[in-house]
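J.: Mind having a look at this structure? Questions to follow.
The values are calculated or read from the model by the stated rules, or taken from the named source; none is laboratory data. These numbers come from a predicted model, not from an experiment. Cβ atoms come from the backbone with ideal geometry, glycine included; neighbour counts cover every protein chain shown. Surface areas here come from the heavy atoms of the whole protein model, side chains and all, with no ligands, DNA or RNA. Shrake-Rupley method; radii C 1.70, N 1.55, O 1.52, S 1.80 Å.
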Number of protein chains: 2
Amino acid sequence: MEQSDVRKKAGLARSSVRQLARLEEKEKNAALEAIADAMIRHTGEILRENEKDLAAGETVGISAALTDRLTLTEKRLAEMAEGLHQLCQLPDPIGEVLEMRELENGLQIEKVRVPLGVIGMIYEARPNVTVDAAGLALKTGNAIVLRGSSSAFHSNRALTGVIQQALTNTALPPTAVQLVEEREREAVQELMTANGLIDVIIPRGGAGLIQRVVQESTVPVLETGVGNCHLYVDQAADVDMAREIVINAKTDRPAVCNAAETVLVHRKWAESHLAELCEALSKCGVEIRGCDVARALVPQAKAATADDWDTEYLDLVLAVKVVNSLAEALDHIENHGTRHSEAIITQDEEAARTFFIGVDAAAVYHNASTRFTDGGQFGFGAEIGISTQKLHARGPMGLKEMTSYQYRIHGSGQIRG
Amino acid sequence: MEQSDVRKKAGLARSSVRQLARLEEKEKNAALEAIADAMIRHTGEILRENEKDLAAGETVGISAALTDRLTLTEKRLAEMAEGLHQLCQLPDPIGEVLEMRELENGLQIEKVRVPLGVIGMIYEARPNVTVDAAGLALKTGNAIVLRGSSSAFHSNRALTGVIQQALTNTALPPTAVQLVEEREREAVQELMTANGLIDVIIPRGGAGLIQRVVQESTVPVLETGVGNCHLYVDQAADVDMAREIVINAKTDRPAVCNAAETVLVHRKWAESHLAELCEALSKCGVEIRGCDVARALVPQAKAATADDWDTEYLDLVLAVKVVNSLAEALDHIENHGTRHSEAIITQDEEAARTFFIGVDAAAVYHNASTRFTDGGQFGFGAEIGISTQKLHARGPMGLKEMTSYQYRIHGSGQIRG
């Protein structure tokens, strides 16, 4: 059987893993610097290729938002290069000894952090992900096979070409970064089923993309991103604090996954303060969709339908539900949450403790906005995505989350009796 | 749509996770003790049900080996109960604070170990896995949905019944342990695709079962077990040590996954010592299948075919290949290994270092038998299986590997600017 182009590229990436695994930190940093410099040097060329994508997008009439995400500028390229420089400042996690134990028979068991191997990245729109993901992969000694969206085809090809060329003058093999250029749907399928060549698939994009990958990938997946996040305003919530947090979590950047989508309000608090809270939200341009009880208290609220409790609006729309107890809030979050970020606002420490233990999510907040779920905010320095699954990594994934470990056992002839 | 029985059971298990997550260690230990006691008390009943499976097995003519694995005795039940008592002695990993950091804005981010949630376990033959897996799950605050093989149907039903009944008098919900009794192939399919209800699938059994789960599961999988393990005898290997280790790794227990299947021998060492090594192996009843160079040195060796390099014999058969260099050995392991356990035998420390970094496997040994890859040997106290994938857990999986983590963020009204 003839090998497909996708498998050939995955094989090329795979062939680089042994060399990548033994690199020293300074060699990896030198390569990142070389890529950053090359991006600046080739700015004109990259922008010309980006123009082709923008022109093609205009022809098929893509949205203004998508056009914005797709657009590269001199400033954006400089920011991407700066991101690579910052990556050099972060400590290299590879080689870290996580545990060490000596058995009675004298065997020394060392648990050492190693690269994952070959990462398959399937993502939409933004060409900056091409550079960010390649940088994070190389810093952690991983090879990466990139599959961007076809709308960013020329931009991604230009960026990958610049990366590969920059690597030729470094200790890193240029084969470590591959771009799957084939436009067919089958190419994605092949990437997701290249067990033995690809060690992990990371999807980044909308719910449709992520669902497709979860359903169809036979390679292990790091599921990222859908955030139907809740704020629970407890009966013991401070009124001003609740207003500030709800407004921030909803309006600071509504299009991102850590923005709030539903507010659950304890009945007692709602009776005194919900109208005022919703008035403040309306002033910020937020459309309120309430349950029947909420609507009786908030004249401007539209009626929420069953679908609203499961919708990630990513927009200035907020579902509001009045609940009779903390337990009812926990049930609602269990049934409708996406295991991303959930917050309780309360002055009652016992209620906060119950919330922490009762909510099954990557990040659980007490008296803070869900907007902090972010690798940068958490101090990771960089982020490949936010995991909403429970295996391997949960929440923001930085450099450490792009590694595995290996047991290295040092003996002197031990055999098992 | 009417809910299937499998989804109903997964839903029952799911409904117990919040209660399980907040249990204290002594409550979990008390439940394990109650199960152990109940197993002893109900020995007669369990053995009678086991008889039914053995009779059915005899009718369809199962192998002696399978009959042995299926058979329960008073002694084996006592050992299973003792395993639960031992589990009580191990520290409870849940609630452990893995990291703590305070941000400049005063937010305190705590990374806390939590249960995975609901584990789906798909396994073959041995009914003791039913009790072992349930014990490990409960000790770590997880619910578990068990799907044993139909050949152990009555035994598994009896054991699960005893577990559930024992739990009624404890702080743990009896719904936390479920058995999928439906005999249809579709039941396994449903379990593997119950995303949202099941958090992780762990398959334990032969290569066929594991491949099916990897191919068809949409729930994240912890792949366990196939071990095509190699021993590389370097040119600087001590002759006596090499003989002891090769014999141990091949013959101590050939049917398990950490047994050696292929020995790679450096040409220089082979020329002086391979004949003697193979004579010692033959005396232990090991059939040798060699490459052409090996056959020229070892008269009793049969010819190895291409398939031999990829075969997990699980039997007293050993493939032997002469290589010209450490690099050639590394290439062979990269192409034919299953990322389980690999060993180098050498007095050359530099060669050992190259081997450690160049081999992509869960456990890499220098001058020791691969037979040590085992949760008990590694000091984990218990083991749910040996992972051959790189996400989440690698190598022997004990209690810690049955957990996830959660970020708990303590604030005082922080919002993102």
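J.: Residue by residue through region B:86-99, which ³J(HN,Hα) values in whole Hz follow from phi under the Karplus form 6.51 cos²θ - 1.76 cosθ + 1.60 (θ = phi - 60°), with glycine and proline marked x?
T.: Those phi angles translate into 5, 4, 5, 6, 7, x, 7, x, 5, x, 4, 8, 7, 8 Hz.
J.: Right, something else. Counting only helical runs of four or more DSSP H residues, what would the 222 nm mean residue ellipticity of the protein assembly as shown come to if each run contributes -39,500 (n - 2.57) and the total is spread over all its residues?
T.: My calculation for the protein assembly as shown gives -13000 deg cm²/dmol from helical runs alone.
J.: With all protein chains present, calculate the accessible area of A:Glu25 using a 1.4 Å probe and round the result to the nearest 10 Å².
T.: In the full protein context, A:Glu25 sits at about 80 Å².
J.: Tally Lys and Arg at +1 and Asp and Glu at -1 over the other residues with C-beta under 13 Å from the C-beta of B:Leu146: what net charge comes out?
T.: +1
J.: If you don't mind, there's one more thing I want to ask. Just to check I understand the Karplus step: with θ = phi - 60° and J = 6.51 cos²θ - 1.76 cosθ + 1.60, what whole-Hz values come out for region B:43-56, glycine and proline as x?
T.: 3, x, 4, 5, 5, 5, 5, 4, 3, 4, 5, 5, 5, 5
J.: Suppose every Lys and Arg Cβ carries +1 and every Asp and Glu Cβ carries -1, with no other charges. What dipole size does chain A come out with about its Cα centre, to the nearest 20 debye?
T.: On the way: 43 positive and 59 negative charges, 219 e Å.
With Lys and Arg at +1 and Asp and Glu at -1, about 1060 debye.
J.: When only Cα pairs under 8 Å and 6 or more residues apart are kept, what is the percent relative contact order across region A:229-372?
T.: So the answer I get is 33 percent.
J.: In peptide A:364-377, how many Cβ atoms from other protein chains are near each Cβ within 10 Å, on average?
T.: Shielding by partners across A:364-377 averages 5.
J.: Assigning unit charges at the beta carbon (Lys, Arg +1; Asp, Glu -1) and nothing else, what dipole magnitude in debye, to the nearest 20, does region A:133-289 show about its Cα centre? Don't skip to the answer; put the middle values down first.
T.: On the way: 14 positive and 18 negative charges, 60 e Å.
Around 280 debye, computed over region A:133-289.
J.: Using a Cα-Cα cut-off of under 17 Å, which lysines could be cross-linked to B:Lys268, ignoring same-chain neighbours fewer than 8 residues away?
T.: B:Lys321
J.: For the protein assembly as shown, compute the orientation-averaged projected area of the C-alpha convex hull (one quarter of its surface), in nm².
T.: For the protein assembly as shown, averaging the hull's shadow over all directions gives 36.6 nm².
J.: Something else about it: Over chain B, with a Gaussian network built from C-alpha contacts below 10 Å, which listed residue (B:Gly290, B:Gly61, B:Gly206) shows the highest mean-square fluctuation?
T.: Its mean-square fluctuation being the largest, the pick is B:Gly61.
J.: Please report the antiparallel percentage of DSSP beta bridges with both residues in chain B, rounded to the nearest 5.
T.: That works out to approximately 30 percent antiparallel.
J.: Between region B:344-393 and region B:195-243, what's the alpha-carbon centroid distance in Å?
T.: Using only Cα atoms, the two centres lie 13 Å from each other.
J.: Roughly speaking, what is the centre-to-centre gap between region B:42-88 and region A:80-116 when only Cα atoms are used, to the nearest Å?
T.: With region B:42-88 and region A:80-116 each reduced to a Cα centre, they are spaced 44 Å.
J.: Rank B:Gly57, B:Gly205, B:Gly148 by mean-square fluctuation in a GNM of chain B with C-alpha springs under 10 angstrom and give only the top-ranked residue.
T.: B:Gly57
J.: Take the residue pairs A:Lys139/A:Lys400; A:Lys28/A:Lys400; A:Lys9/A:Lys139; A:Lys111/B:Lys250 and return only those whose Cα atoms are more than 18 Å apart.
T.: Beyond 18 Å between Cα atoms: A:Lys9/A:Lys139; A:Lys111/B:Lys250.
J.: Using the C-alpha gyration tensor of region A:229-372, what are the square roots of 5 times its eigenvalues, in whole angstrom, with the largest one first?
T.: After diagonalising the Cα gyration tensor, the semi-axes are 19, 17, 15 Å.
J.: How far is helix A:239-251 tilted off the main Cα axis of chain A, in degrees rounded to 10, range 0 to 90?
T.: With rounding to tens, the tilt is 50 degrees.
J.: What does the charge add up to near A:Arg394, with Lys and Arg as +1, Asp and Glu as -1, over the other residues with Cβ less than 10 Å from its Cβ? Intermediate values should be presented prior to the final figure.
T.: Details: positive: A:Arg339, A:Lys390, B:Lys111; negative: A:Glu401.
Neighbourhood net charge equals +2.
J.: In what order, largest first, do A:Val226, A:Val129 sit by accessible area if the probe radius is 1.4 Å?
T.: The ordering from most to least exposed comes out as A:Val226, A:Val129.
J.: Considering Cα pairs under 8 angstrom that are at least six residues apart, work out the relative contact order of chain B and quote it in whole percent. Write down the numbers at each step before the final one.
T.: On the way: 826 pairs, mean separation 74.2, N = 417.
Value for chain B: 18 percent.
J.: Which percent, nearest 5, of DSSP beta bridges in the protein assembly as shown are antiparallel?
T.: Close to 30 percent.
J.: Scan chain B for the residue whose Cβ is closest to the axis carrying it onto chain A, then write down that distance in whole angstrom.
T.: That would be B:His392, 2, residue then distance in Å.
J.: Further question on the same structure: Counting only DSSP beta bridges with both residues in region B:229-372, tell me the antiparallel percent, nearest 5.
T.: Antiparallel: roughly 0 percent of the beta bridges in region B:229-372.
J.: At 20 °C and 1.002 mPa s, what whole-number value in µm²/s does Stokes-Einstein give for the translational diffusion of chain B, with Rh from the Kirkwood sum over Cα pairs?
T.: On the way: Rh = 23.4 Å.
Roughly 92 µm²/s, to the nearest whole number.
J.: Continuing with this model, one more query. Counting Lys and Arg as +1 and Asp and Glu as -1, each charge on the Cβ, what is the dipole of the protein assembly as shown about the Cα centre in debye, to the nearest 20? Don't jump to the answer; show the numbers that get you there.
T.: Values: 86 positive and 118 negative charges, 63 e Å.
Here the size comes out at about 300 debye.
J.: If you don't mind, there's one more thing I want to ask. Could you tell me which residue out of A:Leu66, A:Val118, A:Ile40 lies farthest along the dipole of region A:31-122 toward its positive end? Charges go on the beta carbon: Lys and Arg +1, Asp and Glu -1, centred on the Cα centre.
T.: So the residue we want is A:Leu66.
J.: Right, something else. Most fluctuating residue of A:Lys75, A:Lys268, A:Lys26 in a GNM of chain A with Cα springs under 10 Å: which is it?
T.: A:Lys75
J.: Moving on. Go through A:Thr346, A:Ala259, A:Ala171 and say which Cα lies farthest out towards the positive end of the charge dipole of chain A; charges sit on Cβ, +1 for Lys and Arg, -1 for Asp and Glu.
T.: A:Ala171
J.: How well do other chains shield peptide A:199-206, expressed as the mean number of their Cβ atoms within 10 Å of each residue Cβ?
T.: The per-residue average across the peptide is 1.
J.: Quick one: net charge around B:Met80, please, counting Lys, Arg +1 and Asp, Glu -1 for every other residue with C-beta under 14 Å from its C-beta.
T.: Residues near B:Met80 contribute -1 overall.
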